[in-house]
1. Have a look at Ala40, Ala97, Ala104, Ala115 and point out the one that is of a type in the set (Gly, Ala, Ser) and buried (at least 16 other Cβ atoms within 10 Å of the Cβ).
2. Condition (residue is modelled with pLDDT of 95 or more and assigned to a strand (DSSP E or B)) applied to segment 34-41: is it met by at least one residue?
3. Return the residues of segment 54-94 that are open to solvent by less than 30 Å² (accessible area, probe 1.4 Å), outside any loop (DSSP other than H, G, I, E, B) and at pLDDT 95 or above; say none if nothing qualifies.
4. On the given criteria, is Gly117 over 15 Å from the mean Cα position of the chain (by Cα), in a loop (DSSP other than H, G, I, E, B) and closer than 20 Å to Tyr52 by Cα?
5. Being at positive phi and either open to solvent by 80 Å² or more (accessible area, probe 1.4 Å) or assigned to a loop (DSSP other than H, G, I, E, B) (or both), is that true of even one residue in segment 12-19?
6. Give all pairs with beta carbons closer than 7 Å in which a residue from segment 36-60 that is without any contact (Cβ under 8 Å) to a residue 40 or more places away in the chain meets a residue that is open to solvent by less than 50 Å² (accessible area, probe 1.4 Å) and not aliphatic (A, V, I, L, M); count only pairs at least 6 apart in sequence or on separate chains.
7. Ala104 is checked against (1) free of Cβ contacts under 8 Å to residues at least 60 places away in the same chain; (2) closer than 13 Å to Leu74 by Cα and fails just one. What number does that condition carry?
8. Check off (1) surrounded by fewer than 22 Cβ atoms within 10 Å (Cβ to Cβ); (2) in contact (Cβ under 8 Å) with a residue 12 or more places away in the chain for Gly26 and give me the number that stays unchecked.
Amino acid sequence: MIGLIQRVSEASVTVDATTIGHIEQGMLLLLGVEKEDGQAQIDKLVKKVSQYRMFSDEQGKMNLNVQQAGGSVLVVSQFTLVADTQKGNRPGFSRGASPEVGKALYLQFVEALKATGIPVQTGEFGADMKVHLVNDGPVTFHFQV
């Protein structure tokens, strides 16, 4: 399971010109699901995302997690994160989970993240989405669990 998180002052996702998810201050999480992923990877990534200290405290140091900062998370599925880009000029997607498995794990991840008490918005799995964000910093981190 691969997550790319960006600290944002706002972010939204639209499908067919309709906004389906929107947050103010918080974190945009682009989520890629690999073939071998399961509950263990969900648990690890939920813990990492929910506890990651990427928001500034009163002294301007990154000491606060998203919940401590009063933020939300916008979770958007992005299968291209699992692409193999090591050879040639075309990405390979053999590491990615099937659409059925990927969607199930994506939804499980979202529910597990919501269970932490963090406000969560989502995109639509498998849809052609337009993601809009204002990256705050810019601050971006990559996790693979």
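1. None of the other options fit; the residue is Ala97.
2. yes
3. Matches in segment 54-94: Phe55, Ser72, Val73, Leu74, Val75, Val76, Ser77.
4. yes
5. Narrowing segment 12-19 to residues at positive phi: 16-17.
Next, from what is left, pick out any that are either open to solvent by 80 Å² or more (accessible area, probe 1.4 Å) or assigned to a loop (DSSP other than H, G, I, E, B) (or both): 16-17.
Checking segment 12-19: at least one residue is at positive phi and either open to solvent by 80 Å² or more (accessible area, probe 1.4 Å) or assigned to a loop (DSSP other than H, G, I, E, B) (or both).
6. These pairs meet every condition: Gln51/Asn65; Arg53/Asn65.
7. Of everything listed in (1) free of Cβ contacts under 8 Å to residues at least 60 places away in the same chain; (2) closer than 13 Å to Leu74 by Cα, Ala104 misses just condition (2).
8. The one condition Gly26 does not meet is (1).
The values are calculated or read from the model by the stated rules, or taken from the named source; none is laboratory data. What you are looking at is a predicted structure, and each value in this text was computed from that prediction instead of being measured. Glycine also receives a Cβ, built like all others from the backbone with ideal geometry; neighbour counts cover every protein chain displayed. To get the accessible areas, we keep the full protein, side chains included, count just its heavy atoms, and leave off ligands, DNA and RNA. Shrake-Rupley method; radii C 1.70, N 1.55, O 1.52, S 1.80 Å.
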